[in-house]
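Remarks on the structure that follows.
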């Protein structure tokens with residue numbers, strides 16, 4: 001189950017949890033004993049119903065208990081509703097979310113929301129978009145393994161943009177954490193996700209978009225037009241998407257922006273390609289990354305030359321003083337070589353087991369050259385045009401809503 005990189009501070013007496021009990025909560029009667037226990041608590045800051053399954057009538061009963069008990073609604077900081085709809089029909093899930101969204105919005109301190117491992121798909125996107133765009137208090141959002149797809153991902157990006165505008169107007173802090181892995185976001189969602197993430201500026205600290213089938217063009221847009229604007233980014237995790245050389249070079253260009261903030265760089269299984277991996281590691285050797293704790297670069301065709309020329313010098317220098325975890329398995333390194341021995345002796349942190357190194361022959365080199373993708377990356381002017389058009393659209397929508405309200 002996907003979780004945050006930190007544990008929110010809650011007093012034990014203010015946490016209510018029925019997590020992972022495989023309860024089938026369909027009717028109001030099914031959930032009544034749980035709600036009796038819940039409403040006995042004078043103050044609740046965390047509500048954890050993950051690992052159960054809830055139906056419409058039980059959702060109504062839970063929503064009513066939250067709303068009608070000020071000790072819950074006024075104090076709730078975190079909800080974990082991950083894996084909460086197993087075996088439920090799509091219509092049930094949609095109706096349940098429609099019940100919960102206004103409740104969540106009425107909780108003034110609710111800043112941490114985990115909805116992972118629920119089969120939302122496209123049918124629930126109206127509810128999710130409505131919640132995200134209005135949740136001014138939201139700071140940490142976890143939406144992993146929800147079956148989104150690129151169109152839903154695009155709408156999530158638009159909702160993040162609207163949320164940033166709302167936060168700015170209300171003087172609320174920007175979103176800090178966005179985790180949206182295993183959602184088939186693909187290239188189709190990249191432009192609006194970049195737009196949404198960019199809008200949260202220096203407030204955004206953690207972005208995990210692993211295993212989304214995003215190809216080089218989409219990755220490039222996300223980094224160049226989105227994450228490159230998040231100056232205080234601490235966690236960059238795009239594991240198991242496809243970079244190739246083109247997107248890797250853009251990552252290398254942007255990396256120095258995060259030299260003071262970056263704690264984790266996870267590009268495992270991203271196929272950076274030899275030249276791309278070389279460019280990324282060269283940046284690590286030429287700039288000081290004072291807080292970089294974890295460097296994950298497995299299965300990227302990183303070569304022995306890159307290891308010798310840039311990675312070992314980076315580890316041996318003062319440029320990576322905080323580095324404690326290094327993952328390099330699956331690259332084109334020479335097992336039992338003097339260079340790997342030197343790396344192991346120089347690095348005082350944890351190095352992964354290098355038991356699946358890739359050997360390179362001349363045929364591989366020829367394939368690499370012929371298979372390199374040559375997709376055009378969206379220009380800054382094109383992205384600015386999309387951003388301008390979308391901003392103007394939001395103004396038009398607000399104007400229309402105000403006009404309707406005055407009729």
Given (1) over 22 Å from the mean Cα position of the chain (by Cα); (2) crowded, with 19+ Cβ neighbours inside 10 Å; (3) outside any helix (DSSP H, G or I), index of the condition residue 87 fails:
(2)
Count of the stretch 304-321 residues which are surrounded by fewer than 19 Cβ atoms within 10 Å (Cβ to Cβ) and outside any loop (DSSP other than H, G, I, E, B)
6
(1) over 27 Å from residue 309 (Cβ atoms); (2) in contact with a helix residue (DSSP H, G or I) (Cβ under 7 Å, 6 or more places away or on another chain); (3) surrounded by fewer than 23 Cβ atoms within 10 Å (Cβ to Cβ) all hold for residue 256 apart from (1)
All conditions in (1) farther than 22 Å from residue 10 by Cβ; (2) outside any helix (DSSP H, G or I); (3) over 15 Å from the mean Cα position of the chain (by Cα) are true of residue 181 except (3)
What number of residues within the stretch 147-171 satisfy the criterion of being in contact with a helix residue (DSSP H, G or I) (Cβ under 8 Å, 6 or more places away or on another chain) and part of a loop (DSSP other than H, G, I, E, B)?
1
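Listed here are the residues, each with its yes/no results for (1) surrounded by fewer than 20 Cβ atoms within 10 Å (Cβ to Cβ); (2) closer than 16 Å to residue 131 by Cβ; (3) at pLDDT 95 or above.
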| position | (1), (2), (3) |
| --- | --- |
| 43 | yes, no, yes |
| 52 | no, no, yes |
| 64 | yes, no, yes |
| 68 | yes, no, yes |
| 83 | no, no, yes |
| 92 | yes, no, yes |
| 97 | no, yes, yes |
Any chance the stretch 243-255 includes a residue that's under 16 Å from the mean Cα position of the chain (by Cα) and within 16 Å of residue 300 (Cβ to Cβ)?
no
Show the residue pairs meeting these rules: Cβ distance below 8 Å; 6+ apart or different chains; first residue within the stretch 161-176 and touching a residue at least 60 places away in the same chain (Cβ under 8 Å); second residue not in a helix (DSSP H, G or I).
161/199; 165/199
So is residue 141 touching a strand residue (DSSP E or B) at 6+ places or on another chain (Cβ under 9 Å), buried (at least 22 other Cβ atoms within 10 Å of the Cβ) and not in a helix (DSSP H, G or I) or not?
yes
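The values are calculated or read from the model by the stated rules, or taken from the named source; none is laboratory data. Owing to the predicted nature of the structure, the values given are computational and were not obtained by experimental measurement. As a convention, Cβ positions derive from the backbone with ideal geometry for all residues, glycine included, and neighbour counts pool all protein chains shown.
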